[in-house]
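Novice: Got a structure here, written out as structure tokens. Questions coming.
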Amino acid sequence: MRKGKDTMGNRIEGESAPVGYAAIQNFFEERSSRADVRSKYNYVLFQDDHPELAEKRDAMEKERIGAILAPHIHKGMCVLDLGCGIGRWGEYFLTKGIRYVGMDGSAGMVERGAENLAGFTGKKLFQGYVQDFPRRLVEVGEKGEFDILLVNGVFMYLNDADFVKALHDLRDYVAPSALIYLKESMGETERLTLQQVESAELKQEYSAIYRSIAEYRKAFEETFSAPCYKRLSDGSLFASGRNRKETLDYYFVYQRI
């Protein structure tokens, strides 16, 4: 275990450590209120000094993951996006006639999502926390299963017990033949936890848990295991353009069978 003290906050390597939910909530509420972002994708993909990189990554992700999902999706399906942010994936699915249900922990991000998807029908956006998403689904009238489920850059903001619970809860909403897309920023070789570390790029204090690829793989494979599920694909999301040496964006796609 290696622990270092930054100007503000801690970096903890190779050991489990918690993050504070209030600090994370404040981070995203402040971020959603910014008027100086140069691209709408900077709200959720960051890269504040390089808006063109945020836009490129959005397009690359949709192209790569879309190619995996495309043979299995069709008009009339319904997708649940937990941690929807500004509704990036709503842009993709709503153009294909797929109903989009998006939830985000930040009320400000939900407002940004409503603005971003204002031209579309067949959507529902609401505020809610992933560690309590089953209750929120009932409260907003969503009681059934979903054909596509997305959790994209959300588990990294959950402490271990809440991560495990949310992952297990997810199975209750998986329709027959449904697709599950899970993507997180992960530690390449070991876990890294940031506790309110000042980010010069973001100009905010930032907290997150970068679980290792091996940790996520074990948890996902245990939750979405054969013979009920099969893994369609996994891998590093971006073949190029990586600008952080300790972490990388890594994805898994499963299907219920």
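The values are calculated or read from the model by the stated rules, or taken from the named source; none is laboratory data. Because the structure is a prediction, the values reported are computed rather than measured. We place every Cβ from the backbone using ideal geometry, glycine too, and count neighbours over all the protein chains shown. The area values use the complete protein model at the heavy-atom level, side chains included, leaving out ligands, DNA and RNA. Shrake-Rupley method; radii C 1.70, N 1.55, O 1.52, S 1.80 Å.
Novice: Restricting attention to region 104-131, which residues are among the small types (Gly, Ala, Ser) and either under 24 Å from His168 (Cα atoms) or part of a helix (DSSP H, G or I) (or both)?
Specialist: Gly105, Ser106, Ala107, Gly108, Gly113, Ala114, Gly128
Novice: Sticking with this one: Test of understanding: among Lys218, Lys245, Lys230, which residue is within 22 Å of Asp49 (Cα to Cα) and surrounded by fewer than 16 Cβ atoms within 10 Å (Cβ to Cβ)?
Specialist: Lys245
Novice: Also: Check Asn152 against each of (1) under 16 Å from the mean Cα position of the chain (by Cα); (2) over 25 Å from Tyr206 (Cβ atoms) and name the one condition it does not meet.
Specialist: (2)
Novice: Any residue in region 61-80 that is under 25 Å from Glu142 (Cα atoms) sitting within a Cβ distance under 7 Å of a residue that is among the small types (Gly, Ala, Ser) and open to solvent by 20 Å² or more (accessible area, probe 1.4 Å)? List the pairs, counting only those 6 or more apart or interchain.
Specialist: Final answer for the pair search is Lys75/Gly97; Gly76/Gly97.
Novice: Evaluate the following for Glu111: is it touching a helix residue (DSSP H, G or I) at 6+ places or on another chain (Cβ under 9 Å), in contact (Cβ under 8 Å) with a residue 60 or more places away in the chain and within 24 Å of Ser207 (Cβ to Cβ)?
Specialist: In short, yes.
Novice: Kindly evaluate Ser185 against the criterion of being at positive phi, among the small types (Gly, Ala, Ser) and either assigned to a loop (DSSP other than H, G, I, E, B) or open to solvent by 20 Å² or more (accessible area, probe 1.4 Å) (or both). Before you say what the answer is, go through the steps one by one.
Specialist: Details: at positive phi: no; among the small types (Gly, Ala, Ser): yes; either assigned to a loop (DSSP other than H, G, I, E, B) or open to solvent by 20 Å² or more (accessible area, probe 1.4 Å) (or both): yes.
Here the answer is no, as Ser185 does not meet what is asked.
Novice: State all residues of region 195-212 that are touching a Ser or Thr at 6+ places or on another chain (Cβ under 8 Å) and not in a strand (DSSP E or B); if no residue qualifies, say none.
Specialist: Residues satisfying the conditions do not exist here.
Novice: Do the conditions hold for Leu125, that is, is it touching a residue at least 60 places away in the same chain (Cβ under 8 Å), of a type outside the set (D, E, K, R) and touching a strand residue (DSSP E or B) at 6+ places or on another chain (Cβ under 7 Å)?
Specialist: no
Novice: Test Phe133 against the criterion of being open to solvent by less than 20 Å² (accessible area, probe 1.4 Å), at pLDDT 95 or above and within 30 Å of Asp160 (Cβ to Cβ), and give yes or no. I'd like the intermediate steps shown before the answer.
Specialist: Details: open to solvent by less than 20 Å² (accessible area, probe 1.4 Å): yes; at pLDDT 95 or above: yes; within 30 Å of Asp160 (Cβ to Cβ): yes.
Taking the combined requirement at face value, the residue satisfies it.
Novice: Additional query: In this structure, does Tyr210 turn out to be open to solvent by 10 Å² or more (accessible area, probe 1.4 Å) and touching a residue at least 12 places away in the same chain (Cβ under 8 Å)?
Specialist: yes
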